[in-house]
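The block underneath contains the structure these notes are about, expressed in structure tokens.
The values are calculated or read from the model by the stated rules, or taken from the named source; none is laboratory data. On a predicted model such as this, the values are computed, not experimentally measured, just so you know. Here the Cβ is made from the backbone with ideal geometry for all residues, glycine too, and neighbour counts use every protein chain on show. These area figures cover heavy atoms from the full protein model, side chains too; ligands, DNA and RNA do not enter into them. Shrake-Rupley method; radii C 1.70, N 1.55, O 1.52, S 1.80 Å.
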Amino acid sequence: MNSQEVVDAIAQSERIGRQIYKGFNERNLGLWDEVIAPDVEVRSTVGTMPLIGREALKNWAAQFQSGFRPRLDLVDEIYGVNRATIAVNLNWKHDKEFFGLEPTGRIGTSIEYFILWITDGQVTRFWVADHTMDLTMYLIRERGMHYPQNFTPEPIIRGLEANKFD
């Protein structure tokens, strides 16, 4: 890539990241249709994962918006050539049903990262990672939701094995 192509790719990543944030924050998930691939792979720290597909992601997000009525504060963002990371402070209250879990009125905040892989102008992988565990612990420990385990992402750089230090 030449320097202009890099600048353009980063600008595209920022546009996509902001559109995902705006769609979730403004409860207008239709904004995602343009920027999320129909067969996107979704991973999160709660629920049965992976989810596959834009409509599955939108359904999950719509259930979350309905059940928790979150306020999503954008607190950080990093944009690259084919990746983006958006950090949000998620302010939530469980006051409606969420995938069969009856509301408790519990209130909390969680810092969440949306980690996005972008190919041909659309997000092909959408991962949600938690910095704070307030929401995850509420859904897993207190409410009994499934916690995905033993998932090993493909590394950008593989770290050294412990036996290399023996």
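Observations, loosely collected:
- For I20: the one exception among (1) of a type in the set (A, V, I, L, M); (2) under 14 Å from the mean Cα position of the chain (by Cα); (3) surrounded by fewer than 19 Cβ atoms within 10 Å (Cβ to Cβ); (4) over 19 Å from T132 (Cβ atoms): (3)
- Candidate set from segment 48-65 (those that are over 13 Å from the mean Cα position of the chain (by Cα) and in contact (Cβ under 8 Å) with a residue 24 or more places away in the chain); member that is farthest from H94 (Cα to Cα): T48
- Qualifying residue in segment 6-16 (condition: in contact with a helix residue (DSSP H, G or I) (Cβ under 7 Å, 6 or more places away or on another chain) and either of a type in the set (V, I, T) or not in a loop (DSSP other than H, G, I, E, B) (or both)): no
- Selection count where residues are in a loop (DSSP other than H, G, I, E, B) and open to solvent by less than 20 Å² (accessible area, probe 1.4 Å), scope segment 23-52: 3
- Just one of the numbered conditions (1) modelled with pLDDT of 95 or more; (2) over 30 Å from V7 (Cα atoms) is not true of G23: (2).
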